[in-house]
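What follows is one structure encoded as structure tokens, with my remarks underneath.
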Amino acid sequence: MTLLETLGINLPIIQAPMAGVSSPALAAAVSNRGALGSIAVGAVDPARARRMIVAVRERSAHALNVNVFCHRPAQAERAIEASWLDHLRPYFASFDAAPPNELHEIYKSFVADDAMLAALVAERPRIVSFHFGLPREEQIRALRAAGIVLLATATNVAEGRAAADAGVHAIVAQGYEAGGHRGIFDPDAQDSCLGTLALTRILVRELDLPVIAAGGIMDGAGIAAVLRLGACAAQLGTAFIACDESDADAGYRDALASDAAKHTVMTRAISGRPARCLKNQFTMLGASVSDRQIPAYPIAYDAGKALNAAAKAAHVSGYGAQWAGQGAPLFRALPAGELVAILARELAEHA
Ligand SMILES: Cc1cc2nc3c(=O)[nH]c(=O)nc-3n(C[C@H](O)[C@H](O)[C@H](O)COP(=O)(O)O)c2cc1C
């Protein structure tokens, strides 16, 4: 069986799961055109995840990918959190606001969330994908027993092998160009920063599983290029941010259309994990702090979201988590179904 048959799609195109951006309407519009639509439930609770899956199903009977975060549960370090809040105090003050008194782990890792596992087994989306690591063995067994196809992000060979050994069906090779959070399993380990081209090629050679390339792919030419490298499909995130159905806010869309798109930055300051963002006030703040000053993911994100809320209340959008990949200047603002049709046409022209 080919990967596309396993995923139940006609086109080798996956709309990336994007927490906060990939709405059920976006995923449904993509799936209805023969590509794979994805929603991300890493930042919501199981009840909300089920409502999101139902919302996709109300709009589409096609395949759906549901994405969860598998990071190591956060270790609270009160001294680092307090000093980080002190560091951010002047930024809050510039919006006549104060930082929160303390920070919390604002959402659970799937690794520690068997209520989410039960929700997924009950809803049985065709596909579940993992970011930031792998779930526990028994969670993989339960999802497989429910007939769910499993994908996992890898940023290097060791992660790809670990995912293959754990029993996933295909690997998402996420290059350093990619927008959003880097899927690296251990954010404190040395990052080899492999680009999409090299990583895809290496994983195709080293692993016995289908590889899906992700990072910097924005059009049919990019999709054709990674297929030629041996990938079975391409996963595109940034390409879909400005679609009508996405949940990106106006400030994010404006930033994407600005010069900032030419200057994406890998930063840890917003959430506590490295993530590629459009250059904005938050990435500039992050440029002058060391990793050790920043609390663990997602505890740091509690502060990041509070600072963004204070800024937005003052009509400033530069503190948003405006994730985007290096291909950002190539974005197109269209209804998602139209974008998929154009990608398919461009792919045919370059095949
Ligand atoms: C706004 C945004 C949010 C993202 N959120 C997630 C997520 O929740 N889960 C996940 O596995 N990947 C997430 N990613 C990463 C994508 O899966 C994918 O690796 C990336 O978008 C590919 O690079 P590109 O943006 O250059 O296409 C996100 C990417 C973006 C741009």
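Coordinate-derived values only; no laboratory data. Since this is a predicted model, take the numbers as computed values, not measurements. Ideal geometry is used to build each Cβ from the backbone, glycine not excepted, and the neighbour counts take in all protein chains shown.
Values computed for the structure shown
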{"read-out": "Residues whose placed amide H lies under 5 Å from that of LEU334, excluding near-sequence neighbours", "value": "CYS243, ASP244"}
{"read-out": "Net charge of neighbours whose Cβ lies under 12 Å from the Cβ of GLU159, counting Lys and Arg as +1 and Asp and Glu as -1", "value": "-2"}
{"read-out": "Principal axis dimensions, the range 192-269 - Cα atoms, whole angstrom, descending", "value": "43, 28, 19"}
{"read-out": "The range 202-242 and the range 283-325: distance between their alpha carbon centers, rounded to Å", "value": "29 Å"}
{"read-out": "Sum of side-chain charges, TYR297 neighbourhood, beta-carbon under 13 Å (Lys, Arg +1; Asp, Glu -1)", "value": "-1"}
{"read-out": "Pairs of Lys in the chain closer than 22 Å at Cα, counting only those 8 or more apart or on different chains", "value": "4"}
{"read-out": "Dimensionless Rg over Rh [the range 65-162; C-alpha; Kirkwood]", "value": "1.14"}
{"read-out": "Only Lys, Arg (+1) and Asp, Glu (-1) charged, at Cβ; the range 23-168 dipole about Cα centre in debye", "value": "740 debye"}
{"read-out": "Gyration tensor over alpha-carbon atoms, the chain, equivalent ellipsoid semi-axes in Å", "value": "30, 23, 20"}
{"read-out": "log₁₀ of I(q)/I(0) at q = 0.13, 0.17, 0.22, 0.28 Å⁻¹ - the range 137-191, Debye sum with one point per alpha carbon", "value": "-0.35, -0.58, -0.86, -1.11"}
{"read-out": "Lys/Arg +1, Asp/Glu -1 at C-beta; the range 40-136 dipole; positive extreme among PRO90, ASN65, GLN75", "value": "ASN65"}
{"read-out": "The range 1-104: C-alpha pair distances exceeding 15 Å, %", "value": "70 percent"}
{"read-out": "16 Å tail of the calculated P(r), the range 272-351, as % of Cα pairs", "value": "65 percent"}
{"read-out": "Farthest toward positive dipole pole in the chain [+1 Lys/Arg, -1 Asp/Glu at C-beta], among HIS169, ALA257, ALA303", "value": "HIS169"}
